[in-house]
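*Asks:* I'd like to ask some things about the structure below.
The values are calculated or read from the model by the stated rules, or taken from the named source; none is laboratory data. A quick note: this is a predicted structure, and the numbers were derived from the prediction, not measured. Cβ sites come from the backbone with ideal geometry, for glycine too, and all protein chains shown count toward neighbours. Remember, those area values only see protein heavy atoms, side chains included, never the ligands or the DNA or RNA. Shrake-Rupley method; radii C 1.70, N 1.55, O 1.52, S 1.80 Å.
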Amino acid sequence: MARFAEILSKHGLSLRTVAQHMGVSRQAVGQWSLGRTYPRQKKMAKLVKFLQKYDKRISLTDLIPKEGE
């Protein structure tokens, strides 16, 4: 989810802030931002809604890695 890391950086969001909102560890969010793991479907939907507070244009497709990423 390289795009996820870009979104966090662009909006000045820390891993901790996202983790607190999502109810997961900072390490889990860090793994998502590196593309090593991904949130489950329910968490992914919650993540998109959270990020849309900062940019209404963000959608699920922005967070799903494209083939080859």
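*Asks:* May I ask you to give the percent of accessible area on the chain that is carbon plus sulfur, with a probe radius of 1.4 Å?
*Replies:* Numbers: 2410 of 4740 Å².
Summing carbon and sulfur atoms, their accessible area is 51 percent of the total for the chain.
*Asks:* Using only alpha carbon pairs under 8 Å that are at least six residues apart, calculate the relative contact order of the chain and give it in whole percent. It would help to have the intermediate numbers written out before the result.
*Replies:* On the way: 53 pairs, mean separation 23.9, N = 69.
Over the chain, the number comes to 35 percent.
*Asks:* If you filter segment 14-46 for trypsin sites (Lys or Arg not before Pro), then keep DSSP loop positions with at most 13 other Cβ within 10 Å, what is left? Could you put the intermediate results ahead of the total?
*Replies:* On the way: sites: Arg16, Arg26, Arg36, Arg40, Lys42, Lys43, Lys46; in loops: Arg36, Arg40.
In loop regions of segment 14-46 (DSSP not H, G, I, E or B), the sparsely surrounded trypsin sites (Lys or Arg not before Pro) are Arg36, Arg40.
*Asks:* Is the shape of segment 18-69 rounded, prolate or oblate, going by the alpha carbon gyration tensor and its root eigenvalues a ≥ b ≥ c, with a/c under 1.5 for rounded and a/b larger than b/c for prolate?
*Replies:* Values: a/c = 1.79, a/b = 1.02, b/c = 1.76.
Oblate.
*Asks:* Comparing Gln20, Gln41, Gln31, which has the greatest mean-square fluctuation in the GNM of the chain with Cα pairs linked when under 10 Å apart?
*Replies:* Of Gln20, Gln41, Gln31, the Gaussian network model singles out Gln41 as fluctuating most.
*Asks:* Of Thr17, Leu34, Ile7, which is farthest towards the positive pole of the chain's charge dipole, taken about the Cα centre with +1 and -1 on the beta-carbons of Lys, Arg and Asp, Glu respectively?
*Replies:* Positive-most Cα among the choices belongs to Thr17.
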